[in-house]
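Note sheet for the following structure.
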Ligand code: HEC
């Protein structure tokens with residue numbers, strides 16, 4: 001019986017040791033958002049793709065008559081304010097992605113940084 005108790009103590013000790021091993025708890029702010037090197041092809045397009053925007057906003061009959069296929073269409077949506085308005089859930093715009101979750105604050109900020117930089121085709 002004694003031996004069982006000792007083994008139990010050793011085991012329970014080793015289970016609790018990793019309890020707070022969550023990066024965000026250990027290093028708050030360490031996941032700071034990098035908006036310094038955003039590009040159309042390396043940042044904006046992958047974000048639009050991974051959030052499903054292109055599945056509705058491409059092809060011959062894009063949703064809402066808004067195509068986000070190709071640089072020129074994304075640039076147009078950026079310049080008329082609709083791209084940022086929709087993803088930031090701004091008043092007066094339909095929140096996007098429709099039927100999905102709001103994009104992360106970091107991704108919204110990265111798209112904003114690209115718009116603020118003048119929507120470069122890079
Ligand atoms: C499931 C389909 C679907 C997805 C995914 C989707 N949209 Fe839309 N989107 C729509 C529909 C339908 C409309 C038109 C009706 C409306 O405005 O609600 C629309 C409208 C828009 C508009 C015009 C809105 C306005 O207020 O004028 C923009 C800009 C837009 N979407 C951008 C995006 C972006 C950016 C994403 C990805 C983050 C996205 N959409 C994801 C279906 C979708």
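Against the conditions (1) at pLDDT 95 or above; (2) more than 16 Å from the ligand (Cβ to nearest atom); (3) more than 21 Å from residue 116 (Cα to Cα), where does residue 1 fall short? Just the number, please.
Here residue 1 meets the rest and fails (1).
Looking only at residues in the range 46-74 that are part of a helix (DSSP H, G or I), in contact (Cβ under 8 Å) with a residue 24 or more places away in the chain and under 21 Å from the mean Cα position of the chain (by Cα), which one is farthest from the ligand (Cβ to nearest atom)?
Looking at the filtered set, the residue picked out is 71.
Please indicate, with yes or no, whether at least one residue in the range 33-40 is modelled with pLDDT under 95 and surrounded by fewer than 12 Cβ atoms within 10 Å (Cβ to Cβ).
Within the range 33-40, one or more residues are modelled with pLDDT under 95 and surrounded by fewer than 12 Cβ atoms within 10 Å (Cβ to Cβ).
Failed condition for residue 77, given (1) near the ligand (Cβ under 9 Å from one of its atoms); (2) farther than 26 Å from residue 32 by Cα; (3) without any contact (Cβ under 8 Å) to a residue 12 or more places away in the chain; (4) assigned to a loop (DSSP other than H, G, I, E, B), with all others met?
Exception for residue 77: condition (4).
The values are calculated or read from the model by the stated rules, or taken from the named source; none is laboratory data. Just so it is clear, the model here is predicted, and its values are computed rather than measured. We place every Cβ from the backbone using ideal geometry, glycine too, and count neighbours over all the protein chains shown.
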